[in-house]
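Step one of this worksheet: look at the structure below.
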Amino acid sequence: MAKSKRSNSSDHTPQVPPKALIGMVHVGALPGSPHARYTLAKLEEVAVSEASIIAHAGFDAIIIENMHDTPYVNAPHGPETVAAMTRIGLAIRRELPKMPLGVQVLSFGHMEALGVALAINGAFVRVENFVFAHVADEGLLPEAAAGRLLRYRRVIGATHIRLMCDIKKKHASHAITGDVSVADAAKAAEFFGADGLIVTGTHTGVPTDPTDINAARTGAKLPVWVGSGVTPAQVRPLLAKADALIVGSDIKKGGLWANPVDAARCQRMVDAK
């Protein structure tokens, strides 16, 4: 009897399509973080509800992030964080089985995010500090993530999960790499094995400079995503240059990232595409 062929995880992992709108689910403050106040059951309920609103509006993908866990600490993160993000991600996966999902764990939690993404059949993780050191608002990020992360991805059998990597990350000073241009940072990320690049404004909700998109494309032949400050008026101009847009602030009530998702604002964003 012929042996059955082993299926590759990438064969059944929903992938982010070209020219995608990616909606952000900012998971509520998790157990162990200073502002935690809700049970895991409640956090899961809210996250699934917000993911459903985003999906039903017509977004192409969703990313989950623990942005309410302020003030951030750098990895390693505790098992309670990984367990909570996995539980919430699996709940969203059950509700939206065909939706491409991404994961980010703040701060510097690329290993944890990759483990969560593997468990929830995720398509990608967002990676801070993939190349070069940064001085961020949560402290010094002295080590580029690429070397350890790619080895870990190989070890756990997660090579089908894309590493979407910030260059010149937001909420950080770049004085120590002031002589490294966006194009050069993009080139370094490509050389170190990134699957794609993310360019942003200086802070959450701040528009991304279109010249940075052009510079990233000059430096590397990789997909380029925009990671901050997207509004409906910018969707078409940005998608003319970028491969995907991550939207977090503008789809929230009042356009503030910490507020609940607003169905009408989600729909306006999708309609603008």
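The values are calculated or read from the model by the stated rules, or taken from the named source; none is laboratory data. Quick caveat, the model's predicted, so the values are computed rather than measured. Methodologically, a virtual Cβ is constructed for each residue, glycine included, from the backbone with ideal geometry; neighbour enumeration extends over all protein chains shown.
Residues A220, A233, A264: which one is crowded, with 20+ Cβ neighbours inside 10 Å and small (G, A, S)?
On the way: A233 fails: crowded, with 20+ Cβ neighbours inside 10 Å; A264 fails: crowded, with 20+ Cβ neighbours inside 10 Å.
None of the other options fit; the residue is A220.
Kindly indicate the residue of region 64-74 that is surrounded by fewer than 19 Cβ atoms within 10 Å (Cβ to Cβ) and polar (S, T, N, Q) and also farthest from S52 (Cα to Cα) among those meeting that condition. Among those that are surrounded by fewer than 19 Cβ atoms within 10 Å (Cβ to Cβ) and polar (S, T, N, Q), it is N74. Just one of the listed residues (G193, G219) is more than 16 Å from the chain's Cα centre (by Cα), touching a residue at least 24 places away in the same chain (Cβ under 8 Å) and on the phi > 0 side of the Ramachandran plot, namely G193. Taken over region 189-211, residues that are over 22 Å from G255 (Cβ atoms) and crowded, with 21+ Cβ neighbours inside 10 Å amount to 4. The residues listed here are R151, R162; of these, the one that is among the basic types (K, R), under 23 Å from L245 (Cα atoms) and at pLDDT 95 or above is R162. If the condition is being among the charged types (D, E, K, R) and either crowded, with 18+ Cβ neighbours inside 10 Å or on the phi > 0 side of the Ramachandran plot (or both), then region 88-115 contributes R93, E112. Taking each residue of region 6-18 that is closer than 19 Å to G115 by Cβ and looking for partners that are at pLDDT below 85 with beta-carbon atoms closer than 9 Å, six or more apart or interchain, yields nothing. Of all the criteria given as (1) crowded, with 19+ Cβ neighbours inside 10 Å; (2) more than 16 Å from the chain's Cα centre (by Cα); (3) over 17 Å from W257 (Cβ atoms); (4) touching a residue at least 60 places away in the same chain (Cβ under 8 Å), the one not satisfied by H77 is (4).
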